[in-house]
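Peer 1: Sending over a structure as structure tokens; questions will come in a sec.
All of the numbers you see were taken from the coordinates with simple rules; none came from a lab. The shown structure was predicted, so the numbers you read here are calculated from the model rather than taken from an experiment. Backbone-built Cβ (ideal geometry, glycine too); neighbour counts: all protein chains shown.
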Ligand code: NAP
């Protein structure tokens, strides 16, 4: 397959593991220079070293807390300083703090809203400032099918992931005339550390309800992100792609 991102610069948040790492790997395989940002700078460094050993394009590990305005602005600034451009931003960093409404604390609610919703907003704001000047760019936000259907025990997470859809559409409308596209991906049940933390019976129950009868793999989410990041989706903005094996269609 021809490389889809030759000469482009991509920045992926939450890239030290799981879905973010697979996204960074696939974008790098497709010729992008990739900045890998994560809360844990050391693990971002290890992930970056793994990618650097696999292909010729340069990589840049960055420590970043997506909930912090200064940290996000620095992340974007460091990427542009190192690579001279920013063509693709993937807002992927995420956490869960599941609990029923009876047990969820305000701290659990705010932590999840901060990482997903505020973090994605800060990323869009900082990256779009660079992209609109360049007259091109693609921003991909990682939502979740939880934001489409609502999951019990995830009032915080479902609200944040639904909020990301509204944020995607509003910013897509603001930025379209400057050549900057903003889209979202809604993964279903994907095998990562995040879902490994689920009680096994809940995981099995959710998996059984998927028409394709299996959980997805991180690289299967990465494929949809690559499509949205590349010119293959050049006439798409404000779209939400479901990657869920047919779950909740
Ligand atoms: P994961 O394995 O837990 O990875 C998430 C990464 O985000 C971790 O490396 C984590 O770093 C990082 N992170 C957390 N808080 C951060 C912050 N404040 N600043 C920067 N980085 C931060 O999760 P995943 O399953 O790959 O999920 C990736 C994305 O897909 C998330 O947005 C998630 O909500 C979404 N998603 C996942 C599924 C699924 O089934 N797995 C389904 C739908 C959507 P630390 O580990 O150092 O904290």
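Peer 1: If a residue has to be out of contact with any helix residue (DSSP H, G or I) (no Cβ under 8 Å at 6 or more places or on another chain) and more than 14 Å from the ligand (Cβ to nearest atom) to count, how many in region 102-124 make the cut?
Peer 2: Of the residues in region 102-124, 5 are out of contact with any helix residue (DSSP H, G or I) (no Cβ under 8 Å at 6 or more places or on another chain) and more than 14 Å from the ligand (Cβ to nearest atom).
Peer 1: List, please: which pairs have Cβ atoms under 8 Å, are six or more places apart or on different chains, and start with a residue in region 78-95 that is closer than 17 Å to residue 25 by Cα and end with one that is in a loop (DSSP other than H, G, I, E, B) and within 10 Å of the ligand (Cβ to nearest atom)?
Peer 2: Listed pairs, sorted by first residue: 91/66; 92/14; 92/15; 93/14; 93/39; 93/66.
Peer 1: Condition check: under 21 Å from residue 194 (Cα atoms) and outside any loop (DSSP other than H, G, I, E, B). Does residue 95 satisfy that? I'd like the intermediate steps shown before the answer.
Peer 2: On the way: under 21 Å from residue 194 (Cα atoms): yes; outside any loop (DSSP other than H, G, I, E, B): no.
Here the answer is no, as residue 95 does not meet what is asked.
Peer 1: Does residue 150 qualify as being under 20 Å from residue 94 (Cα atoms), out of contact with any strand residue (DSSP E or B) (no Cβ under 6 Å at 6 or more places or on another chain) and buried (at least 17 other Cβ atoms within 10 Å of the Cβ)?
Peer 2: Values: under 20 Å from residue 94 (Cα atoms): yes; out of contact with any strand residue (DSSP E or B) (no Cβ under 6 Å at 6 or more places or on another chain): yes; buried (at least 17 other Cβ atoms within 10 Å of the Cβ): no.
No.
Peer 1: Give me the helices (runs of 4 or more DSSP H) completely within region 183-237, filtered to those with at least 2 residues that are without any contact (Cβ under 8 Å) to a residue 40 or more places away in the chain and farther than 22 Å from residue 138 by Cβ, ordered by residue number.
Peer 2: Numbers: elements: 193-196, 200-208, 218-229.
The qualifying helices (runs of 4 or more DSSP H) are 193-196, 200-208.
Peer 1: Can you go through 19, 23 and tell me which one is farther than 23 Å from residue 134 by Cβ, touching a residue at least 24 places away in the same chain (Cβ under 8 Å) and under 19 Å from the mean Cα position of the chain (by Cα)?
Peer 2: One residue alone meets the criteria, 19.
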